[in-house]
Amino acid sequence: MLKESIKMALENIISNKMRSFLTMLGIIIGVGSVIALITIVSGATSTVTDQVASMGANTVTIQVQGTPLKQGLTQGNVTKISELSNIEGIAPTISGQTTVAFDGKTMDEISLQGKNDVYFQNTEDVISAGRIINPVDTENKSRVALIGNDIANELYVGKNPIGQEIKIGGITYQVIGILQESDSFAQADTNKAVMIPYTTAMGVVGAKYINSLTVYIADEALADTTTRQIEGVLTKAFNGDDDGYSIVNMQSILETIAEMTSILSMMLGGIASISLVVGGIGIMNMMLVSVTERTSEIGLRKALGAEPKQIQLQFLIESVVLCLIGGIIGFGLGVILAWVVANLIGTSFALTASTVLLAIGFSAAIGVVFGFMPARKASRLNPIDALRSI
């Protein structure tokens, strides 16, 4: 019975190709819009989340603004934070602007970054060649440097920079490594940057205090607890004034991004779903017309013993089949559109099983909801009145 009903539904749809296509158009546009928007947002979310996570989901970043009584953190303050439980390591950062020179060539407006070995151990793909800054370099305030890709290409044409000398702010350093070429949000811009031990950098920029720290935590699940413990140490260091510093918990940022994108997906999906309702109304209108056109057929089937529920099921199946075909076409168009947009804006293409089920579920639901009334009308036709139209 079901197989025969589906066959008849397909025959009726094929026999009225143009009308069926125009009827399905609303479903095609609706499903296509929903799928495209959800897939694009999912891909963009995945890309942003991966980039933020690559900066360290297990990190807590501390920025010190200072107070009139205390302008920054001392090495003793940093040591107290490192002694807290769940702390894996601390990477201070000293920043500034400088000039670099080699063999008579000079580059201005170069980013100077003071780092330690902890930073390199917890950050992937920092260097492309050479070695990193080690604890001995930091302890001895060694004059060693890692240089950015642009600096290596401009100052050391035809030469291997590693082992060569470079003047940073007029002081001679030895190049020990080349930084990875920067081409993403996570890596920031390191092409025109030099990295030296942070203890050395403090002397270069004349810094007496440390104003930027990245704290690496061992267990991400305890990130909030660890953050509160760090706040306690900092508040005490600044004599109870918590305006002297700010803390950013990367895990909290990831959770906030997930919440925001979830709300955005629901909003965009809701807006796109309006076209599905319009498409559903088109389906209902077409089925009502079909009932009117096939009044004699309904009367004849009832006269031959067809029960009302069989008539109702027949028209309901036609509505669902029509919606499913439209949904499949819309799904395909939505996926293609999402793939094109993802490639244009440079985000990942994320098509999930839930998205596929959403397309099929939406289509079937629209078919049932908007096909019920025409199907019920067909099942309640009086066979005698229906046969009079023959």
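The values are calculated or read from the model by the stated rules, or taken from the named source; none is laboratory data. Fair warning: this is a prediction, and the values are worked out from it, not measured in the lab. All Cβ positions, even for glycine, are placed from backbone atoms using ideal geometry, and neighbour counts span all protein chains on display. Please note that ligands, DNA and RNA were not included when accessible areas were found on the heavy atoms of the full protein model with its side chains. Shrake-Rupley method; radii C 1.70, N 1.55, O 1.52, S 1.80 Å.
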Report summary line: Probe 1.4 Å, heavy atoms of protein chains only: per residue, the accessible area of the chain in Å² is 51 Å²
Query raised in the report: Lys309 versus Val157, label points 7 Å from Cα toward the beta carbon: distance in nm?
Result: 8.8 nm
Query raised in the report: Taking the Cα centre of each part, how many Å lie between region 56-119 and region 168-236?
Result: 4 Å
Query raised in the report: Over the chain, what relative contact order in percent results from Cα pairs under 8 Å that are six or more residues apart?
Result: 30 percent
Query - Anisotropy class of region 68-134 from Cα gyration tensor, a/c 1.5 cut - result: oblate
Query - Paramagnetic label zone (point 7 Å from Cα along Cα-to-C-beta, Ile336; backbone N under 19 Å) in region 19-36 - result: 21-36
Requested in this report: Positive end of the charge dipole of region 113-187 (Lys, Arg +1 and Asp, Glu -1 on Cβ, about the Cα centre): tell me which of Gln180, Phe120, Leu146 has its Cα farthest that way.
Outcome: Leu146
**Report entry** For region 121-183: rounded, prolate or oblate by the Cα gyration tensor [a/c cutoff 1.5]
**Finding:** oblate
Report task. Name the residue, out of Lys115, Lys17, Lys192, whose mean-square fluctuation peaks in a Gaussian network model built on the chain with Cα pairs under 10 Å. Result -> Lys17
Query raised in the report: Dipole magnitude of the chain about its Cα centre, charges +1 at Lys/Arg Cβ and -1 at Asp/Glu Cβ only, in debye to the nearest 20?
Result: 1760 debye
**Report entry** Cα-based reach from Lys236 at 19 Å (exclusive), listing aspartates and glutamates while leaving out same-chain residues under 8 positions away
**Finding:** Glu83, Asp224
**Report entry** Flagged links, alpha-carbon separation over 22 Å, of Lys167/Lys192; Lys7/Lys309; Lys159/Lys192; Lys115/Lys192; Lys105/Lys159
**Finding:** none
Query raised in the report: Helix-derived [θ] at 222 nm for the chain: sum -39500 (n - 2.57) over DSSP H runs of at least 4, divide by residue count, nearest 500?
Result: -19500 deg cm²/dmol
**Report entry** Segment Gln75-Asp224, extension gain: residue separation times 0.36 nm, minus the distance between their alpha carbons
**Finding:** 51.2 nm
